[in-house]
Amino acid sequence: MALTRFVEQLRRLGPLSEAEEQALRSLPGRYVDVPANLDFSESISSSSERILVLVEGLLASCYDTEEGERQLTALHVPGDLCDLNSLVLASKPMCLTALAPSRVYAVARGAFTDAMQRHPGLIGILWRYSSSRVLILNERVVSLGSRDARQSLCHLFCELAVRQGFSSGGVTTTYALPIKQHQLGSALGITYVHVNRTLRALREEGLVHFQHQIVTIPNWDRLTRQAGFDPGYLTGYLQ
């Protein structure tokens, strides 16, 4: 089912009635396959159909400066609603880029708003979902401003271990991360050279192995201590 993981996130944020859950699962939409390295949003979704839920792959929200620099502002894993703002704001969609071959489920905005009108309880749960996105963004801001490269990378690997593992019932210490080193740097405000050196040091110390786009965490407790990682902000992904 296209929205199974998304609905599961919402259920972990608060109670959903059977009718509310059914209304979400039955939202009409269409699958769109997105090749790796494609920037998209308006290209696959019109102004009336641009509520995008990631089904497979890895996406990033991004911002390009006038000087041609790119900042990745958020990473989206399967089950994430990629542009919640589009549900309530009639603004230009944010730029999304596919870091790997991906599949999204595009839902008409009208269908979403109709479901909320018929089931007002969905408004509260989506407000909680929006708040959970803010908590993730807050941690990214802390990494950009206060954590060094080593701690920032460790923290991101911990976060993604929780987010990637939620559908299987817990933290996953081995997961696919189809992202290039310069993109990791763009997400965390670190140069490519510094990312490369830090990843090598983490591998040599047995904290994280990131090779061939696979993350392996040999010792979860050691990594969380190194990162100063507290998963409490990942409410929608925790059991």
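The values are calculated or read from the model by the stated rules, or taken from the named source; none is laboratory data. Just so it is clear, the model here is predicted, and its values are computed rather than measured. Reconstructed Cβ throughout: ideal geometry from the backbone, glycine too, with neighbour counts over all protein chains shown.
So the values come out like this:
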read-out	value
Sole residue being more than 27 Å from residue 20 (Cβ to Cβ), assigned to a helix (DSSP H, G or I), of a type in the set (Phe, Trp, Tyr) and not assigned by TED's automatic domain parsing to the domain that holds residue 20, chosen from 157, 166	157
In region 211-227, residue nearest to residue 176 (Cα to Cα) [restricted to those that are in contact with a strand residue (DSSP E or B) (Cβ under 8 Å, 6 or more places away or on another chain) and crowded, with 19+ Cβ neighbours inside 10 Å]	215
Residue within region 132-142 that is within 13 Å of the chain's Cα centre (by Cα), surrounded by fewer than 21 Cβ atoms within 10 Å (Cβ to Cβ), of a type in the set (Ser, Thr, Tyr) and assigned to a helix (DSSP H, G or I) present	yes
